[in-house]
Amino acid sequence: MIAIENLQKSFGKQKVLKGINLEFKRPGITAILGPNGSGKTTLIKSILGMALPDKGCIRFQGEDISGSWAYRRQIDYLPQIARFPENLAVKELLRMIQDLRGGQPDAERLIGLFALQPYLDSRLAALSGGTRQKVNIVLAMMYDSPVLILDEPTSGLDPVAMLHLKELLRQEKEKGKHILITTHIMSFVEEMADEVVFLLEGRIHFQGGLQELKEKYDATSLERAIARILREGELGFSSNGHGEKAAKLVLKAL
Ligand code: ADP
């Protein structure tokens, strides 16, 4: 579905993606993990054509995406930070996005699922962070595209909303969609992900199933496996005991 070859991207002198090779072949949920600043959002934006690679190639259904826009209609996207005019009411925002995108969105079901009816007339400025995130999820998921990219969908969600999000993702997965997710919630990854991609300092350190990851790093949990990737990674930690401590600190920042 999506194939990435030798993707390189710098911002000024900072090399953010240093030759990424990845393929998302099978439908299901892929968690893209890595510490803050490791390049997850830049990778996602490159797939969406929002960040232009310096080198390398991204193919969507076999076609090189450079200079092409049509493929994006097949991707639904939840940005990490969605910015809309604050004085719009929720229902006005929904209508605006529907007018822009056209098609046949199914917002009603999602508004019901996240219990957003009481907020439809509220201005965005008046919403709590969690309610705002629920609105963003509705906007991203009200269409039925074959690829869904969610950058930090769990941020600010209360436990009930989190349950609904998981339920929704399971339904979307059942439809055979490709779902790419970044999150800092490891329990969410353990429960939901079919595959994990671990990015560290602009390079892929692992792509595969959760079980495979745990076996490879001889770890009983995802957190332990990640601590081991970080320890053997490029952070320059020594193996004299400081490594474990430093890895824990980075894990907290994940
Ligand atoms: P992550 O999503 O893993 O936290 P990002 O892809 O957002 O990482 O960022 C990786 C690095 O690239 C960070 O150091 C960030 O400051 C830098 N970066 C991202 N976008 C830009 C930009 N538009 N201009 C300059 N630097 C950027």
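The values are calculated or read from the model by the stated rules, or taken from the named source; none is laboratory data. This is a predicted model, so every value here is computed, not measured. FYI the Cβ positions are ideal-geometry reconstructions off the backbone, even for glycines, and counts take in every protein chain you see.
Worth a mention:
- Residues (part of a loop (DSSP other than H, G, I, E, B) and under 23 Å from R72 (Cα atoms)) located in region 86-102: G102
- A125 falls short of the stated requirement of being more than 16 Å from the ligand (Cβ to nearest atom), touching a strand residue (DSSP E or B) at 6+ places or on another chain (Cβ under 9 Å), assigned to a helix (DSSP H, G or I) and in the same structural domain as Q8 (by TED's automatic domain parsing).
- Screening I97 against (1) under 16 Å from the mean Cα position of the chain (by Cα); (2) β-branched (V, I, T); (3) within 30 Å of L127 (Cα to Cα) leaves a single unmet condition, (1).
- Look at region 104-122: where a residue is in the same structural domain as L157 (by TED's automatic domain parsing) and under 13 Å from Y143 (Cβ atoms) and a partner is basic (K, R) and part of a helix (DSSP H, G or I), sitting 6+ places away or on another chain with Cβ atoms under 9 Å, you get L110/K134.
- Within region 25-50, residues that are more than 12 Å from I4 (Cβ to Cβ) have Cβ atoms under 7 Å from residues that are assigned to a loop (DSSP other than H, G, I, E, B) and near the ligand (Cβ under 6 Å from one of its atoms) in these pairs: K40/G34, counting only partners at least 6 apart in sequence or on another chain.
- Applying the criterion of being under 29 Å from T154 (Cβ atoms) and of a type in the set (G, A, S) to the residues of region 40-86, the residue that is modelled with the lowest pLDDT is A82.
- Scanning region 1-60 for residues that are part of a strand (DSSP E or B), more than 26 Å from L169 (Cα to Cα) and either within 10 Å of the ligand (Cβ to nearest atom) or among the hydrophobic types (A, V, I, L, M, F, W, C) (or both) turns up L7, K9, S10, F11, Q14, K15, V16, L17, I20, C57.
- Pairs meeting the criteria (first residue in region 1-17 and farther than 12 Å from S46 by Cβ, second residue aliphatic (A, V, I, L, M) and more than 9 Å from the ligand (Cβ to nearest atom), beta carbons under 7 Å, at least 6 apart or on different chains) are M1/V147.
- Every pair of residues 6+ apart whose Cβ atoms lie under 7 Å, when the first sits in region 84-100 and is in contact (Cβ under 8 Å) with a residue 40 or more places away in the chain while the second is aromatic (F, W, Y): V90/Y119; L93/F84
- Just one of the numbered conditions (1) under 15 Å from M1 (Cβ atoms); (2) away from the ligand (no atom under 16 Å from the Cβ) is not true of W69: (1).
- If you go through region 200-218 and keep only what is of a type in the set (A, V, I, L, M) and not in a strand (DSSP E or B), you end up with L210, L213.
- Selection count where residues are touching a residue at least 60 places away in the same chain (Cβ under 8 Å) and closer than 24 Å to K25 by Cβ, scope region 146-172: 8
- Filter result for A126 (among the hydrophobic types (A, V, I, L, M, F, W, C), closer than 23 Å to K25 by Cβ and free of Cβ contacts under 8 Å to residues at least 12 places away in the same chain): no
- Filter pass, I179 being touching a Lys or Arg at 6+ places or on another chain (Cβ under 7 Å) and outside any loop (DSSP other than H, G, I, E, B): yes
- Qualifying residue in region 156-165 (condition: buried (at least 21 other Cβ atoms within 10 Å of the Cβ), within 22 Å of I81 (Cβ to Cβ) and touching an Asp or Glu at 6+ places or on another chain (Cβ under 8 Å)): no
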